[in-house]
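*Asks:* Quick one: this structure, given as structure tokens, is what I'll be asking you about.
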Amino acid sequence: NVWACDADAVFMHDPRPLMAERNYALADIAIATDCIDIPLDSRSPLMHCDFNTGLVYLRSKPNTIEFAELWRETVANAKEHRIRDQAAFNMLTKVRPPTPLSIEGSRVERLFSVTAGADGADFRLAVLPLSRFLNGHTYFVQHAHTLPGAPSPMSVH
């Protein structure tokens with residue numbers, strides 16, 4: 001398993017215990033977002049926002065490797081310069097809207113079933129909570145981590 005992070009991402013706490021919790025332990029891939037509305041994201045992941053590939057967790061599984069290969073090929077074969085890792089990830093994972101995942105009739109919070117690309121690499125995607133995985137705007141502009149009752153950030157990117 002690996003965290004793939006941009007050089008400007010920093011971990012403030014060890015994310016491994018979180019990734020062992022039920023919702024995240026079921027995920028093949030977990031990713032941060034570019035959302036800036038923490039209260040709304042806390043109620044439900046804002047799926048209209050871009051996923052941010054500056055902070056992505058890839059679990060070592062065949063379907064994750066299959067997706068990573070498709071992702072790499074999409075970037076490598078892009079005819080437009082704007083199609084880099086983040087644009088390619090978002091294009092692949094939103095060809096078909098991610099479906100909220102249910103197990104034995106119960107909705108699993110922040111976990112989605114994704115069929116990526118036209119050929120369909122299937123995997124489970126966890127959307128990391130914005131309150132714990134802050135982006136530059138929520139950390140440096142909103143100072144969300146200093147608000148009363150705010151959880152300690154896991155990372156900032």
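*Asks:* Nearest 10 degrees, 0 to 90: what angle lies between the long axis of helix 62-76 and the longest principal axis of the chain (Cα atoms)?
*Replies:* 80 degrees
*Asks:* Another question about this same structure. Roughly how many Å is it from the Cα centre of the range 69-131 to that of the range 138-157, as a whole number?
*Replies:* So the separation of the two Cα centres works out to 26 Å.
*Asks:* Right, something else. For the range 64-157, what % of the accessible area comes from carbon and sulfur atoms, probe 1.4 Å?
*Replies:* Numbers: 2710 of 5020 Å².
Carbon and sulfur together cover 54 percent of it.
*Asks:* Tell me the GluC sites (Glu not before Pro) within the range 26-96 that lie in a loop according to DSSP and have at most 16 other beta-carbon atoms within 10 Å.
*Replies:* Counting only loop positions with at most 16 other Cβ atoms within 10 Å, the GluC sites (Glu not before Pro) in the range 26-96 are GLU80.
*Asks:* Where does the longest stretch of the chain lie that holds no trypsin sites (Lys or Arg not before Pro) found in a DSSP loop with 13 or fewer other Cβ atoms within 10 Å?
*Replies:* 1-78
*Asks:* What relative contact order, as a whole-number percentage, does the range 66-157 give when Cα pairs under 8 Å and 6 or more residues apart are counted?
*Replies:* Relative CO of the range 66-157 lands at 18 percent.
*Asks:* What net charge is computed for the residues neighbouring LEU134, neighbours being all others with C-beta under 13 Å from the C-beta of LEU134, Lys and Arg scored +1, Asp and Glu -1?
*Replies:* Computed value for this residue: -3.
*Asks:* How much accessible area per residue does the chain have, in Å², with a 1.4 Å probe? Could you put the intermediate results ahead of the total?
*Replies:* Details: 8270 Å² over 157 residues.
Per-residue value: 53 Å².
*Asks:* Taking Cα pairs under 8 Å and at least six residues apart, what relative contact order does the chain come out at, in percent? Display every interim value, and only then the final one.
*Replies:* Values: 265 pairs, mean separation 48.5, N = 157.
Relative contact order comes out at 31 percent.
*Asks:* Here is a follow-up. Please work out the FRET efficiency for the pair ASP50 and ASN77, using the Cβ-Cβ distance as r and a Förster radius of 30 Å; give the result to the nearest 0.05.
*Replies:* Working: r = 21 Å, r/R0 = 0.70.
In this case the efficiency is close to 0.90.
*Asks:* Say a paramagnetic label sat at a point 7 Å from the Cα of ARG84, along Cα to Cβ; which residues of the range 1-40 have their backbone N under 15 Å from it?
*Replies:* Of the residues in the range 1-40, 5-9 have backbone N under 15 Å from the label point off ARG84.
*Asks:* For the chain, with a Gaussian network of springs between Cα atoms less than 10 Å apart, report the residue from ALA76, ALA121, ALA144 with the top mean-square fluctuation.
*Replies:* ALA76
*Asks:* Most fluctuating residue of ASN90, ASN77, ASN52 in a GNM of the chain with Cα springs under 10 Å: which is it?
*Replies:* ASN77
*Asks:* Now, a different point. Out of all DSSP beta bridges with both ends in the range 67-157, state the antiparallel percent to the nearest 5. Present the calculation step by step, with values, prior to reporting the outcome.
*Replies:* On the way: 10 of 12 bridges.
Given both bridge residues lie in the range 67-157, the antiparallel proportion sits at roughly 85 percent.
*Asks:* For the chain, which cysteines have no second Cys with its Cβ under 4.7 Å from theirs?
*Replies:* Here CYS5 come out as lacking a disulfide-compatible partner, given the Cβ-Cβ threshold of under 4.7 Å.
*Asks:* How large is the charge dipole for the range 4-157, taken about the Cα centre, if only the Cβ atoms of Lys, Arg (+1) and Asp, Glu (-1) carry charge, to the nearest 20 debye? Mind dumping the intermediate values first?
*Replies:* Details: 15 positive and 18 negative charges, 39 e Å.
Approximately 180 debye in magnitude.
*Asks:* Who wins for biggest fluctuation among ILE83, ILE36, ILE103 in a Gaussian network model of the chain, springs between alpha carbons below 10 Å?
*Replies:* Residue with maximal mean-square fluctuation among ILE83, ILE36, ILE103: ILE103.
*Asks:* Still on this structure, please answer the following. Helix-only mean residue ellipticity at 222 nm, the chain, DSSP H runs n ≥ 4 weighted -39,500 (n - 2.57), per residue, nearest 500. What is it? Can you show the working numbers first?
*Replies:* Details: 5 runs with 39 residues, N = 157.
The helix contribution divided over the chain gives -6500 deg cm²/dmol.
The values are calculated or read from the model by the stated rules, or taken from the named source; none is laboratory data. Bear in mind that the values here come from a model prediction, so they are computed numbers and not experimental data. Every residue, glycine among them, receives a Cβ derived from its backbone with ideal geometry; neighbour counts consider all protein chains shown. To get the accessible areas, we keep the full protein, side chains included, count just its heavy atoms, and leave off ligands, DNA and RNA. Shrake-Rupley method; radii C 1.70, N 1.55, O 1.52, S 1.80 Å.
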